[in-house]
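FYI, it's all coordinate maths here, none of it is from the lab. Just so it is clear, the model here is predicted, and its values are computed rather than measured. Cβ coordinates were reconstructed from backbone atoms using ideal geometry, including for glycine residues, and neighbour counts include every protein chain displayed.
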Amino acid sequence: MSKVGVKVDHKEALELLKSIGSEVNLNSRVAKIPEYIVKEALDKTPNIVRLYYRDGKRFIELYGDNTYFDVGSAAYYYMDYKTNEISGDLFQGI
């Protein structure tokens, strides 16, 4: 990631990456993230990630070297289950 970089289509994320030491090109939206930042982020990740249904019931635990398939959490558009409004902005209302 430090040589080729990664494309990030979110201005605030690019600014954050730049502020912590990444080389960022705002025109191409590519961030070259140093190895020490990647290692630190990986060290801080939890051992288990839990995905839940809307009603709060546990759905699945992601852990170890297992492989999982989930068709819903990578959707580009989201429907607000209260209003039925469709949005492409994942962070709307958070």
Given backbone amide H placed at 1.01 Å from N, residues whose amide H is under 5 Å from that of GLY5, ignoring those fewer than 5 places away on the same chain, are ILE33
Rounded to whole Hz and in sequence order, give me ³J(HN,Hα) for segment 41-46 from the Karplus expression 6.51 cos²θ - 1.76 cosθ + 1.60, θ = phi - 60°, writing x for Gly and Pro. 5, 5, 5, 8, 6, x
If I take R0 = 30 Å and measure r between the Cβ atoms of LYS39 and TYR81 in this structure, what FRET efficiency does the formula 1/(1 + (r/R0)^6) give, to the nearest 0.05? 0.20
Set LYS3/LYS44; LYS11/LYS82; LYS18/LYS82; LYS11/LYS39 screened for pairs whose C-alpha atoms are more than 25 Å apart: LYS11/LYS82; LYS18/LYS82
